[in-house]
Each structure stands twice: as C-alpha cells, then as structure tokens.
Amino acid sequence: MPTCRRKRVLLTEPSQSLLDTLKTDQPKDVYYLAQTGEIFETYEAYAARMSFYRMKHFQCEVTGKSGLDYFQALESEQHEARTMHSRFPEPLKSAVLKAVQWQVMGRLDHLVEAVYDRFKDRYYPDEKIIIDVQGDKYFARVVQVFPPRQIHITHSPEPHASTSASPLSSDDEPIHKIAEDLNIPMKDSIARDDPNRYYYKVQILEEERQPGAAKSTISRTNKQNKFSGSLMDVQCRDMGRDRLAFSKSILRRFIRDCVDRDPAVASPWVVKPLIASRYGVNSVMPEEIRRGVEDLKKGESDKRKKVWEEREGPSKRAKRLAAEEDKVNGAELLAKALADRREKEAQEKEDKLLKAKEESERLAADKKKKKPVRYPTEDLDVAIGDKEKKAGMKLKRPVPSRSAMPFGTDNATNEMFLMSWNFLVVYGQPLHISTFTMDDYEAALRHSLVEVPCPLLGEIHSTLIYNLRTVPSNRHAAVMSLTDNDNADTDELVLGVSTDTLTTALADIGNNWERAPLRHAEGREGWEESLIGCLKDHATLDNFPRLREIFTRLLFAPEASTQPAASSTTTTPAVSPLPDSTDLLTVPSTPRERYAKLSPVDRIAIISFMCNMAVSSKAIHAHMETCEEQLTALRKEKIEVNRNKKALMEEMAVLTGESNGTPKPNGTEEDGALHDSSELSDVPGSDVDMDTPGGTPTRKTKESRRKTQAKERELARAKQASAKQALAEHRRLDEEVNKIERRLEGIEREFRKLLGAVRVKPLGRDRFYNRIWWFDGMGAASLIGSGGTVQYGSGRIFLQGPSEHDVDVLLRREEDIPARRKDEEGPEGMLGVGEWAVFDDLEVADEFVAWLNPKGVRELALKNTLAKWWPHIGPGMRRRAADMAASAKLPEARRSARMKHPGSDISREPYMLWTNRRALNSS
C-alpha cells in the first residue's frame with residue numbers, strides 16, 4: 001500500500017446515502033475511479049481525490065522510492081511484488097506463512113530474523129537449490145525429503161551420484177513441523193528436529209549455455225550437463241539457495257506483503273485472508289493462542305499503567321491513602337491516617353493557591369510587558385481611542401448619495417451604465433471614438449427627439465457595429481431563438497405582438513448590416529437598421545433575455561400616442577419615460593422613429609450587450625497586447641528614472657555638505673576679517689620694528705603687511721567664487737530633480753491609462769470591504785489637457801457595497817459587525833451586496849478621506865492611493881461642479897431669445913456639441 005508522510009493511504013468508503021440507494025435498487029449516477037475502485041457521489045469529491053492522487057508526495061512501501069504520485073507508487077509496489085513472488089521459492093511460502101501466523105512481535109525485523117534462522121537450512125520438495133559436489137556448484141531440484149527418524153545412513157557423508165535410490169521414508173511423512181512453530185525456542189527446535197540430520201534426494205538440472213560465454217563457463221556447463229538428470233543424496237551442509245530467491249531482505253519483503261497487523265498494543269501478525277486461503281493457512285485463531293494474545297495485551301497494558309501511575313501527581317496519592325485507610329485495623333490507626341491525609345490535603349491546597357497566585361501575578365506582569373499592537377493591522381481590529389477622538393478624528397462616515405447615481409437605486413442598470421461608459425472611453429483608440437464625459441453619456445441616453453438626432457448615440461452604436469462585424473456570429477440567431485419552443489411560447493403576446501408577427505417584421509430589416517456604409521460625414525445615417533441586423537445575428541434569448549421586448553419596441557408603435565408633443569422651446573434634454581408595460585404596440589414602424597422612444601434602461605441594455613460582445617474582437621485584443629508591451633517599457637523606464645534621481649540627490653547632498661563648511665557667498669565674513677585686520681594695523685605698537693628708535697614702523701614692515709592683506713583678499717574672492725559655483729550647481733541639480741519628478745508623475749498617469757485598458761481595479765477598500773472606484777484617466781482618457789488644465793470623465797468617487805464573500809468574512813467575526821456598521825456608517829449609509837452610491841461633492845469627499853483610519857491595512861492603502869491622485873480628483877470634481885452650474889444657468893439665459901427652429905435649445909446642450917475627432921472618414 002503506498003504511503004503518504006509515512007502513513008498508509010486508506011481508500012475512501014462509499015457514503016451511507018450510496019449504500020442506502022444500493023439497497024433500494026434506485027438508479028443513481030456516480031463517479032467511479034477505476035484505478036482504485038472508489039465510488040464518489042459528486043464530481044467535486046472525485047476531482048479532489050484524483051488531485052490528491054496526482055500529487056508527487058507518495059512513497060513506494062517496498063522500494064522506498066519517494067516523489068511519486070499514488071498510481072506510480074502503486075505500480076512500483078505491484079511490479080516489485082510480482083518480481084519478489086516469482087523469485088521466492090514456492091514450496092517455502094506455505095511453511096513461512098504458517099510460521100508467522102498469530103505471532104506477537106513488536107518489530108517486523110525481529111520476525112524476519114526468527115523465520116530466517118528457522119528455514120535457512122531446511123528445504124522442501126520441488127524446491128530449486130544449489131549443491132556443492134567436490135567444490136563444483138550445480139543447480140538441482142529437491143525430489144524427496146527424509147526426516148531424521150527414518151534415516152538409515154549406509155553411505156559415506158560425501159554426496160555421490162547414483163543411478164537408482166531406494167526410498168528411505170514415506171511421502172506423506174510431515175517434515176519441518178517443529179520448525180514452523182516459532183513459539184518453540186530455537187535450541188529446543190534443533191534438539192527435537194535437527195536440520196543437519198535431514199537427507200534430501202536431489203536431481204541435477206541441465207544448465208543452459210549462454211552464447212559468447214567464457215571457456216571456463218563452457219567447460220563447467222558441459223560438466224554439469226554431463227550429470228544432468230542424475231539423482232544424489234545430500235545434506236543441508238552441501239545445499240544452498242540463490243540469494244536472489246532467499247535472503248533476509250527478500251524474506252522481509254515477502255512477509256510484509258503477505259501479513260498485516262492491527263495498531264493496538266500486542267496485536268499479532270495475521271496473514272491476509274486471500275493469501276491464507278490460497279496456501280492453506282488457518283485463518284481462525286485457536287483458543288489457546290487467543291488466550292495467550294489476551295494475556296500479552298493485558299500484561300502490556302498493566303505495564304504501561306504502572307509506569308503511568310508512577311509518573312502521576314498527588315491526586316492519585318489521595319486515592320492510595322484512601323485504600324490504605326480501608327486496610328488499617330483499629331480506630332487509632334484510622335484516625336491518625338485520616339488526620340495525616342487531611343493535613344496533606346490542606347498543605348496541597350495551600351500550595352495550589354500559592355502557585356495560582358504566583359501564576360496570576362506572572363500573567364499580569366507579562367500583560368504589562370506585552371508589546372503594543374504594531375500598526376497597520378486588520379482594519380476591524382482597530383478601535384478609535386480617546387486620543388484620536390480628542391484629536392478630532394471623524395467617528396462616522398459621510399453618507400454617500402444613492403439618488404445622485406445616474407439611475408438612482410436601480411443597481412443593475414447603474415452597473416451596466418458604468419461598465420459601458422468605461423469600455424467606450426478606455427477603448428476609444430481601437431474603437432475610433434473620442435472621449436466624452438459620463439454626464440454627456442447620461443444625457444445622450446435620455447435624448448428622445450426624433451427631429452434632432454443625437455450625434456453621440458449615432459457614433460457609439462456605429463463604432464460598435466463596425467467592431468462587431470469582425471466577431472463571428474450565427475446568421476439569424478435571434479429569429480431562431482425566438483421561434484424555439486424551448487425558450488418561449490410562440491403564441492404568447494408581448495406588448496400585443498406575437499412571435500410570428502415579430503419575426504415577419506424582422507425579416508426585411510438590417511439584412512445588409514455587415515456591408516452598410518455608416519459614414520461619419522453623413523451623420524451615420526441608417527445606423528438604427530444596422531443595429532437591428534447586428535442584434536439579429538449576435539443576440540439570443542440566452543445571452544440577451546430582453547431581446548424580444550426590445551425588438552417589439554423598435555419595430556412597432558402604439559395606435560394612438562397619448563403623450564403630448566414636444567414643445568419647440570424645450571430647454572432641457574428630453575427624457576423618454578419608462579414605457580408602460582400595458583401599452584399595446586400594434587402599428588408597424590421603423591427603428592429610426594422608435595429608437596427615440598426607447599427608455600434609457602433599454603438603451604443601456606443594448607449598448608452593454610454590444611460592449612460585452614466587442615471584448616472578443618481582434619482590435620480590442622491587439623490593443624490589450626500593445627498596452628501590455630508599453631506597460632513593460634514604462635516599468636523599465638521608471639526604474640531608470642528613479643536611479644538617475646537617486647544619483648542627483650546624492651550629488652546635491654555632497655554639495656550641501658561642502659557649502660556648510662565654506663563661508664557664505666555674500667562676503668560678510670571676509671570683509672569683516674579684512675576690516676578687523678586694517679583696524680589692528682593702526683594700533684600703536686603692533687607689528688612695529690622694535691629696533692627702530694621711537695617704535696615707528698619701517699617701510700619694509702608696511703610692504704609685508706600689504707602683501708599679506710592682498711593674499712587674504714585674493715583667497716576670500718576665490719572662496720566666494722567657489723561658493724557661488726556650488727550654489728549654481730545645486731540649483732541646476734534641483735532643476736534636474738524637478739524635471740525627473742515631473743517625468744515620474746507623467747509615467748504614473750501613463751501607467752494608469754495603460755493599466756486601465758488591461759484591467760480595471762478599484763482604488764481600494766475601506767474597513768467594511770466597500771470598494772471605492774474612480775474611473776478618470778484610464779485608456780483613451782487623459783487627466784491633463786493640452787494647456788495643462790485638469791480634465792475629468794466622471795468627476796466623482798463611486799462606492800460599491802461588499803461582495804457576498806466579504807459579507808461572509810464580516811459575519812464570521814466574533815464582534816457584532818452590523819451594529820458597528822450602523823454606528824460608523826449610519827443606517828442610511830450601509831451599502832448592501834452590489835449596491836452603488838457616489839460622492840459628487842468635494843467637501844463630502846474630503847470628509848470621507850478624513851474618516852479613513854491609517855492604522856488599518858486596507859484604509860491605509862486606500863488613503864495613500866487617494867492622496868496620490870487627489871491633485872487630479874479634487875480639481876476634476878470642482879470643474880464638474882462648475883460645468884454643471886453653468887449648464888443649469890444657461891437655459892435661463894436662453895429664454896429671452898426667440899427660437900426660429902424647433903429643438904434649437906437642445907442642439908446647444910453640451911452632449912449635443914460633442915464631435916468625434918477620431919472617426920475614420922473612409923468609413
């Protein structure tokens with residue numbers, strides 16, 4: 001059996017439910033592992049077991065080879081077992097197995113030694129052996145065995161050949177029976193059944209000649225073939241076995257393969273049932289052997305119990321004293337024993353109390369010496385203390401706005417809206433579409449005027465249609481899905497239109513969508529019909545559940561419109577209300593007229609579906625690979641730039657150290673020194689020639705003084721020039737460092753743009769696993785404009801509630817997390833799974849950043865990331881607020897003007913002024 005970490009691998013038993021199913025004869029699909037015969041009820045259990053068997057940490061129990069999987073180890077064991085059983089003497093197997101049956105020995109090596117000593121000089125009929133005849137070795141086979149009591153020695157002890165031999169014993173005479181009983185000591189066994197007194201009639205076998213053998217080998221083979229078939233009488237001293245057939249190692253492997261033993265104390269070695277039945281070994285333990293095994297077990301248990309009692313504490317001494325009290329005869333001895341016992345118990349109780357007091361004092365001291373918590377740590381383990389409260393740390397997070405989300409509390413639509421806008425902006429280059437803000441995208445989705453088409457909607461749908469032309473599709477997949485009886489009832493009416501009517505209307509629309517020219521110069525005319533054709537080939541009810549309803553709304557109109565006509569002086573983007581599900585659409589119409597009546601939710605569903613399909617296009621994949629390559633180049637450039645910055649900083653440090661040790665460049669110290677020296681030169685009696693009468697300075701002294709002062713002035717000017725040069729070099733290095741820092745900032749912005757095209761990740765998570773998203777500056781969008789102005793795409797910070805896994809992690813904690821969330825987030829600020837909210841006010845966003853606790857690992861990382869990008873987040877939010885205020889005031893200013901054309905106000909809205917500068921004119 002293969003072993004894993006020195007333990008045998010046990011096979012998995014069928015579950016009780018499978019056994020019950022088998023009893024009731026109920027059909028059930030199961031997973032069967034053919035190599036081991038195991039049966040599993042689930043695929044997960046089957047796969048887990050197969051993965052366990054495929055791990056390279058099993059060991060062959062026979063050869064000791066490690067680093068194998070289970071099947072390799074099992075194959076190795078089976079191969080070695082077959083080799084061993086083929087080599088081991090077959091006549092000897094039964095005798096060895098009978099000898100080891102029911103033997104109680106602690107180690108297998110001791111059992112092997114005992115068996116080897118018993119059978120190394122004992123041979124059995126039909127056994128292949130090697131005999132020694134006058135110094136030559138011959139292969140022979142044992143024909144007959146003569147026990148000692150039937151022996152009549154009438155020949156010389158030397159073995160001799162004979163052409164005939166008279167039988168010396170009966171074939172039914174038992175041989176080596178005493179040796180098979182290992183309970184008999186070795187000396188007694190030899191005395192009662194000496195192997196040296198056995199005689200064996202053997203027949204010499206013919207040895208095959210190997211081609212190319214040596215002359216000596218050929219001569220020996222010829223000599224053996226000369227005696228081939230001859231019968232001889234030999235004894236054990238002239239006989240032997242091949243070491244490859246019988247040795248201690250071979251015997252050990254044979255016994256280990258054939259026997260087993262329970263892990264209990266003093267358990268006997270037992271031959272495996274199948275092997276015992278094959279070789280005639282008794283599988284029922286005799287009564288005397290069973291009693292002997294039980295006595296051995298009891299003796300071993302008593303021995304261990306005695307050792308355990310000697311090592312146990314004073315609690316057992318009280319029981320022994322109680323036992324002694326029962327044996328005490330007389331009231332005085334009993335009273336004395338009781339008094340002694342009470343005294344000892346009191347002393348032991350006092351010692352225990354003393355030890356408990358010392359232990360409590362030690363624990364208190366250790367608690368005082370306990371190291372403080374090292375921050376940052378798990379966010380939920382951080383508690384706000386009095387020190388933080390006094391410092392003014394915010395205890396409650398500002399409430400993010402759910403109503404400020406583009407679609408309010410409709411989380412599914414909000415998620416599709418954010419995903420589709422991010423996809424269109426990030427992949428603007430391969431899609432050939434310019435960037436636009438999230439507010440423009442929302443306003444375009446709510447545009448509902450047919451007379452004044454929205455260019456942004458036309459460009460979005462057209463570029464997606466062009467991209468989906470390169471994605472494989474199934475012709476008329478939507479029609480086939482609608483008419484499939486498994487998906488829906490063909491007789492059921494949806495908005496008053498049956499499936500047959502809908503498929504008939506679909507038959508003649510959009511069939512040429514893959515070749516229809518949607519030119520940018522012509523306003524993408526005809527993109528609505530191409531949209532129908534694109535959905536017909538790519539969408540099904542499985543991947544687009546709302547397909548039938550949207551097709552119905554795009555191809556059919558109500559009989560009489562109950563909505564008032566749009567006024568010609570409308571000053572805000574027209575919003576199409578959600579269509580009433582009770583309206584009946586029975587009048588055939590065109591997609592161009594009906595698309596403007598679609599609700600924003602339906603438009604988001606269409607664009608989101610097309611974005612999901614466009615991900616698999618070649619253009620998007622090629623763009624991702626290009627971004628990956630550019631990311632690698634940016635990482636290398638960042639390493640090189642940081643290395644240059646470090647070198648410049650070291651040079652600046654050296655210059656700073658030198659300038660600290662030199663005089664200031666303004667020359668005050670030098671001038672002061674010169675001034676002091678000039679004043680001292682006028683003092684009477686200084687530097688005068690004392691030999692001159694009256695002490696007046698001579699001309700020679702004055703000349704020397706002038707030279708000294710000139711040298712000092714020259715040295716001061718040189719030092720001043722050196723200081724100015726060092727200052728100029730320091731300024732130059734500082735400018736270089738500033739250039740490098742600006743380049744590093746540019747690298748970070750480019751890295752965010754490229755990384756956003758590969759994978760979009762949140763900025764981080766707060767203590768309650770809410771995810772914080774900021775979508776600006778990714779893909780084709782840029783954070784800095786051409787003039788260095790800050791640009792924005794969303795201009796907001798979005799919050800997404802924790803995932804289901806994160807909620808499970810929160811609930812598994814010991815503390816009451818829901819109560820803590822109510823205290824720190826507020827009941828109105830708690831976000832559920834997949835729920836969205838937004839911070840669209842800069843002051844509220846600042847409060848949120850101040851609420852983050854840097855002692856937690858998640859909030860520390862989030863706070864650092866927000867601080868890194870705050871120079872772009874804050875100005876972006878301010879600029880968006882200013883643009884929203886300007887667009888809100890703009891309609892008020894227009895009301896005094898007289899409009900000659902309907903929809904003039906709408907055409908001047910920001911989302912209507914957007915143009916696609918990346919459009920391909922050739923399309």
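The values are calculated or read from the model by the stated rules, or taken from the named source; none is laboratory data. What you are looking at is a predicted structure, and each value in this text was computed from that prediction instead of being measured. Please note: Cβ atoms are built from the backbone with ideal geometry, for glycine as well, and neighbour counts cover all protein chains shown.
Exactly one of (1) under 30 Å from P195 (Cα atoms); (2) part of a strand (DSSP E or B) is unmet by I39. Its number?
Of the numbered conditions (1) under 30 Å from P195 (Cα atoms); (2) part of a strand (DSSP E or B), the odd one out for I39 is (1).
Is it fair to say E41 is of a type outside the set (F, W, Y) and touching a Cys at 6+ places or on another chain (Cβ under 8 Å)?
Numbers: of a type outside the set (F, W, Y): yes; touching a Cys at 6+ places or on another chain (Cβ under 8 Å): no.
No, not satisfied.
Would you mind telling me which numbered condition in (1) closer than 30 Å to H176 by Cβ; (2) without any contact (Cβ under 8 Å) to a residue 60 or more places away in the chain Q72 fails?
With respect to (1) closer than 30 Å to H176 by Cβ; (2) without any contact (Cβ under 8 Å) to a residue 60 or more places away in the chain, Q72 is out only on (1).
Is the stretch 374-382 home to any residue that is assigned to a helix (DSSP H, G or I), of a type in the set (D, E) and at pLDDT below 95?
Scanning the stretch 374-382 turns up at least one residue that is assigned to a helix (DSSP H, G or I), of a type in the set (D, E) and at pLDDT below 95.
Determine which member of the set E847, E859, E804, E815 is touching a Leu at 6+ places or on another chain (Cβ under 8 Å), acidic (D, E) and surrounded by fewer than 17 Cβ atoms within 10 Å (Cβ to Cβ).
Only one candidate qualifies: E815.
Condition first: at pLDDT 85 or above and of a type in the set (S, T, Y). Can you find one or more residues in the stretch 65-74 that meet it?
Yes, because at least one residue in the stretch 65-74 is at pLDDT 85 or above and of a type in the set (S, T, Y).
Quick one: is T83 out of contact with any strand residue (DSSP E or B) (no Cβ under 9 Å at 6 or more places or on another chain) and either of a type outside the set (S, T, Y) or in a loop (DSSP other than H, G, I, E, B) (or both)?
On the way: out of contact with any strand residue (DSSP E or B) (no Cβ under 9 Å at 6 or more places or on another chain): yes; either of a type outside the set (S, T, Y) or in a loop (DSSP other than H, G, I, E, B) (or both): no.
Answer is no for this residue.
Which one is surrounded by the most Cβ atoms within 10 Å (Cβ to Cβ) among residues in the stretch 609-627 that are of a type in the set (A, V, I, L, M) and farther than 21 Å from L547 by Cα?
Quick first cut of the stretch 609-627, residues of a type in the set (A, V, I, L, M) only: 610, 613-615, 619-620, 622, 624.
Subset that is farther than 21 Å from L547 by Cα: 619-620, 622, 624.
Numbers: A619: 17, I620: 21, A622: 11, M624: 17.
The extreme case among them is I620.
Does the stretch 527-538 contain any residue that is part of a loop (DSSP other than H, G, I, E, B) and either of a type in the set (D, E, K, R) or modelled with pLDDT under 90 (or both)?
Among the residues of the stretch 527-538, not one is part of a loop (DSSP other than H, G, I, E, B) and either of a type in the set (D, E, K, R) or modelled with pLDDT under 90 (or both), which makes the answer no.
Out of the residues in the stretch 483-501 meeting the condition of being in contact with a Leu (Cβ under 7 Å, 6 or more places away or on another chain) and at pLDDT 60 or above, tell me which one is surrounded by the fewest Cβ atoms within 10 Å (Cβ to Cβ).
Filtering first and then ranking leaves G496.
Return the residue satisfying two criteria in turn: it lies in the stretch 20-64 and is under 15 Å from V9 (Cα atoms) and among the acidic types (D, E), and of such residues it is modelled with the highest pLDDT.
Per the stated criteria, the residue is E38.
So that you can scan it fast, the table gives a plain yes or no per residue for (1) in the same structural domain as E294 (by TED's automatic domain parsing); (2) surrounded by fewer than 19 Cβ atoms within 10 Å (Cβ to Cβ):
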residue: A81; (1), (2): no, yes
residue: K93; (1), (2): yes, yes
residue: V96; (1), (2): yes, no
residue: A99; (1), (2): yes, no
residue: M105; (1), (2): yes, yes
residue: L111; (1), (2): yes, no
residue: A114; (1), (2): yes, yes
residue: R118; (1), (2): yes, no
residue: P125; (1), (2): yes, yes
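Which of the residues spanning the stretch 231-246 are under 53 Å from the mean Cα position of the chain (by Cα) and crowded, with 16+ Cβ neighbours inside 10 Å?
A245, F246
When you check A723 against the structure, is it surrounded by 18 or more Cβ atoms within 10 Å (Cβ to Cβ), in a helix (DSSP H, G or I) and either touching a Pro at 6+ places or on another chain (Cβ under 6 Å) or aromatic (F, W, Y) (or both), yes or no?
Taking the combined requirement at face value, the residue satisfies it.
Output the helices (runs of 4 or more DSSP H) that fall wholly within the stretch 254-350 and possess 2 or more residues being at pLDDT 70 or above and surrounded by 13 or more Cβ atoms within 10 Å (Cβ to Cβ), or say none.
273-278, 287-311
Please determine, by comparing only the residues of the stretch 766-801 that are at positive phi and either polar (S, T, N, Q) or buried (at least 22 other Cβ atoms within 10 Å of the Cβ) (or both), which one is farthest from the chain's Cα centre (by Cα). It would help to see each step written out before you state the result.
Initially, the stretch 766-801 is screened for residues at positive phi, giving 769, 777, 779, 788, 795.
Now narrow it down to the ones that are either polar (S, T, N, Q) or buried (at least 22 other Cβ atoms within 10 Å of the Cβ) (or both): 777, 779, 795.
Numbers: G777: 30, G779: 28, G795: 35 Å.
Step by step, filter the stretch 766-801, then rank; the result is G795.
Check F71, F146 and return the single one that is more than 30 Å from D295 (Cβ to Cβ), of a type in the set (A, V, I, L, M, F, W, C) and not assigned by TED's automatic domain parsing to the domain that holds R192.
F71
Being modelled with pLDDT of 90 or more and over 22 Å from I817 (Cα atoms) is the requirement here; does G392 meet it?
Numbers: modelled with pLDDT of 90 or more: no; over 22 Å from I817 (Cα atoms): yes.
Here the answer is no, as G392 does not meet what is asked.
Provide a single number: the residues in the stretch 589-634 that are farther than 30 Å from P558 by Cβ, charged (D, E, K, R) and touching a residue at least 24 places away in the same chain (Cβ under 8 Å).
Number satisfying all stated conditions: 2.
With the requirement that a residue be crowded, with 21+ Cβ neighbours inside 10 Å, more than 16 Å from R592 (Cα to Cα) and out of contact with any Lys or Arg (no Cβ under 7 Å at 6 or more places or on another chain), what does the stretch 505-537 give you?
Matches in the stretch 505-537: K536 only.
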